[in-house]
Amino acid sequence: MKRIVLLNLIVLFITTTNQAQEQEIEMKVNFWGYRFMKDGERLNWKELEEATTAVENANLLIKKARTQRTLSNVGAFISGGLIGIPLGQESAGREPTWELAYVSGAFFLVSFHLSLKSFNNVNKGVDLYNLTVNKTAQYQFQPELQVVSNKQGLGLALRF
């Protein structure tokens, strides 16, 4: 009977210590864009989406942010091209079509707005993921198993 109880305690200890705990995701923003880090490894946007699948709301916010970021980049590219046409015409000595510059300004404003929304959504998504991971990490069952010896022999102590 003692061996069965001891075996059950050892199995319980092994299963609880082998459970993988989710690590927080760290987000940094610099001139070149976003940098996401988890467990010391850099994540791209696709890996970030895959890493946050455990928290559905955070994953939805990150997917939305990725879409907004893509649209913002496309709009910024179009804006740059449209402003370049009249400036190139002006430098070549031809009559520039300034209407393209106005359209470029509109694309720029839309792209800038999408870029800010993307930043806010990815920031909220990463924060929500980290809060959820921290809540579950605090309430996990984490017993300690120790070998105890005295004059009567050896034993195991399980501390919750």
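Observations on the structure shown:
- Search result, residues across the range 88-111 that are free of Cβ contacts under 8 Å to residues at least 12 places away in the same chain and either part of a loop (DSSP other than H, G, I, E, B) or open to solvent by 70 Å² or more (accessible area, probe 1.4 Å) (or both): E90, S91, A92, G93, R94, E95, P96, E99, Y102, L109
- Within the range 113-158, the only residue that satisfies the criterion of being among the basic types (K, R), over 16 Å from R66 (Cα atoms) and either surrounded by 13 or more Cβ atoms within 10 Å (Cβ to Cβ) or at pLDDT 75 or above (or both) is K151.
- Residue that is surrounded by the fewest Cβ atoms within 10 Å (Cβ to Cβ) [pool: residues in the range 35-79 that are in contact (Cβ under 8 Å) with a residue 24 or more places away in the chain and not in a helix (DSSP H, G or I)]: A54
- Only one of the numbered conditions (1) modelled with pLDDT under 90; (2) of a type in the set (G, A, S); (3) over 19 Å from K28 (Cα atoms) is violated by G81, and that is (1).
The values are calculated or read from the model by the stated rules, or taken from the named source; none is laboratory data. What you see is a predicted model, and the numbers here were worked out from it, not measured in a lab. Cβ: placed from backbone, ideal geometry, glycine included. Neighbour counts: every protein chain shown. Ligands, DNA and RNA are stripped out before the accessible areas are found, and what is left, the full protein with its side chains, is counted by its heavy atoms. Shrake-Rupley method; radii C 1.70, N 1.55, O 1.52, S 1.80 Å.
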